[in-house]
Amino acid sequence: MPARTAEQFLRGLKGARNIWVGSDKVEDVTSHPAFAGAAEGLAKIFDLQHEFADDCLMPDPETGEPINVSHMIPRSKDDILRRHKGLERIAEYTVGVMGRSPDYMNVTYAGFAGRADEWGANGNEEGAENLVNYQKFLRRNDIALTHTIIQPTIDKAQGDAPRPGNTVALHKVGETEHGIIVRGARILATLAPFADELAVYPAAPLPEGADAYALAFCIPMSAPGLKFICRDSCAGTRNIHDHPLSARFDEQDAFVIFDDVEVPWDRLHINCNLPVYNQVMTTGWFPNIMQQTMIRAQTKLEFAWGVATRMSEAINGLQPPAMQMLGEMWTFCEFARACIQTAEANAHEFGNGVWFPQGAPLVALRATLPTWFPRVNEIIRLLGSHNLLAAPTQAQLADPELRPLIDQFMHGAGNVSAEARSRIFRLAWDFAGSALASRNEQYERFYLASGARNQQLAHMLAERARADRLVNRFLTEKTGTEENTNQRIAEKA
């Protein structure tokens, strides 16, 4: 099956699965109030790829069928730039609010398959072959894939990595004729209700002796024994006037329980191979996937700046302090854009003929975003003030008794009508103040690890040659101290 449509995607969500939200075991995510809006919103990405086929689609390298460009295994800088166009189309549709749109995992597995040589190390050739075959299945069937890679937090004093004897973390407990049996839990499967399949792959390295936890595989969401416990929904209603973002972009997050789940042999990519598990994520994964994540982030920043600007203009609130905060938001947008362009311009081969963007600018950007996004929300709330809480609903605007009064007393500056003002401020609130906004701020603070951890990583990975050369000039030049010291030593002798 080539690139799917929205209708085909929604039809694929009808299968049996164990998804819980609140007190409900959800039989059909396309009709349940907690999920229906996001299912429909996400589905439109599949139609989008056909609407903008020149940017979003490419021929499968083996079959020639149209596939999403996010499945591309880049072989040149031109491929990186070509992929950018498709990723940007998706980011613009979701305005960056959906951090785990399907292109995220598409890019991830294209990178994995491109560096199958790394996955095939230490006797894992069969696992690497399975992974390459799975990536072909993923792209040719236009699968919506989610992942769960973080170990559950039980006792921080014992560290984040599971150690032998840990029965909570996902681990292998046995084998059958058809595959292996796994038990335990993982977090956090964002997009879980709307995915066709679930991926498990390495995140943080594991300690010596934790071989049973060194697993990577992909299985259908309907696999027996697989259970998803979702957080409270932020969807509100499907009314896009009242909730323009949360009505369609609440991608959900789920705690995943593996209750003796069988993983078929051909779906297994790492089977208790600790050296491979600890190695495969340390080279090209980060710069590859961060092209997608940073295009999304930059789009979200630019959208936030646009919302804040329109909100300020609606009430003629462009005094110097407001202009300063708007300018601050704009700098975030442009710094992010510059980092992405630099990384793409300096793309290079990472081995096995695969090209990824330069990592350093993206690492620097990633380390900064956890402070930028909360600040963006703060600025919107400061600029919006009480006005964010005084925006009539669609039903109130439609009420024949209220509408004349709303038009008289709730319009904006100049020719900004009451309805236009309502839409602007409701959009701003949904971005910066609603339940979805709070979830998204938490998400951005810890997306691909916290800001603190990313700053630590940035320092550890940084290329020091030029910095050392600049410093060494002053530390190694002759200052006369040596001669004076030698003279004093000679005089004392």
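The values are calculated or read from the model by the stated rules, or taken from the named source; none is laboratory data. Only a predicted model underlies this, so the values are computations on that prediction, with no experimental measurement involved. Here the Cβ is made from the backbone with ideal geometry for all residues, glycine too, and neighbour counts use every protein chain on show. In case anyone asks, the SASA skips ligands and DNA or RNA and just uses the protein heavy atoms, side chains included. Shrake-Rupley method; radii C 1.70, N 1.55, O 1.52, S 1.80 Å.
Is it the case that R464 is charged (D, E, K, R) and out of contact with any helix residue (DSSP H, G or I) (no Cβ under 9 Å at 6 or more places or on another chain)? Here the answer is yes, as R464 does meet what is asked. The residues listed here are A128, A204; of these, the one that is modelled with pLDDT of 95 or more and either of a type outside the set (S, T, Y) or more than 20 Å from L13 (Cβ to Cβ) (or both) is A128.
Taking A161 as the residue in question, decide whether it is farther than 19 Å from V263 by Cα, touching a Pro at 6+ places or on another chain (Cβ under 6 Å) and open to solvent by 10 Å² or more (accessible area, probe 1.4 Å). Yes: the conditions hold for A161. The helices (runs of 4 or more DSSP H) falling completely within segment 67-138 that include 2 or more residues that are polar (S, T, N, Q) and open to solvent by less than 10 Å² (accessible area, probe 1.4 Å) map to 103-114. Residues considered: A3, A38, A34. Of these, the only one that is open to solvent by less than 40 Å² (accessible area, probe 1.4 Å), out of contact with any helix residue (DSSP H, G or I) (no Cβ under 6 Å at 6 or more places or on another chain), in a loop (DSSP other than H, G, I, E, B) and among the small types (G, A, S) is A34. Residues in segment 302-342 that are closer than 13 Å to G384 by Cα and of a type in the set (S, T, Y): T309, S312. Within segment 423-480, track down each residue that is closer than 23 Å to A304 by Cα and among the polar types (S, T, N, Q). Across segment 423-480, the qualifying residues are S434, S438, N440, Q442, S450. Scanning segment 244-284 for residues that are under 30 Å from F431 (Cβ atoms) and either open to solvent by 50 Å² or more (accessible area, probe 1.4 Å) or part of a helix (DSSP H, G or I) (or both) yields R248, F255. Here is the figure for segment 57-111: residues that are farther than 17 Å from I340 by Cα and among the basic types (K, R) total 2. Of all residues in segment 316-356, exactly one satisfies the criterion of being among the β-branched types (V, I, T), open to solvent by less than 30 Å² (accessible area, probe 1.4 Å) and assigned to a helix (DSSP H, G or I), namely I340. You will find that of P220, P244, the residue that is within 19 Å of T146 (Cβ to Cβ) and out of contact with any Phe, Trp or Tyr (no Cβ under 8 Å at 6 or more places or on another chain) is P220 and no other.
Looking at this structure, is A223 over 28 Å from Y93 (Cβ atoms), outside any loop (DSSP other than H, G, I, E, B), over 22 Å from the mean Cα position of the chain (by Cα) and among the small types (G, A, S)? Criteria not met by A223.
Given the criteria without any contact (Cβ under 8 Å) to a residue 40 or more places away in the chain, of a type in the set (V, I, T) and more than 24 Å from N239 (Cβ to Cβ), does T368 qualify? In short, no.
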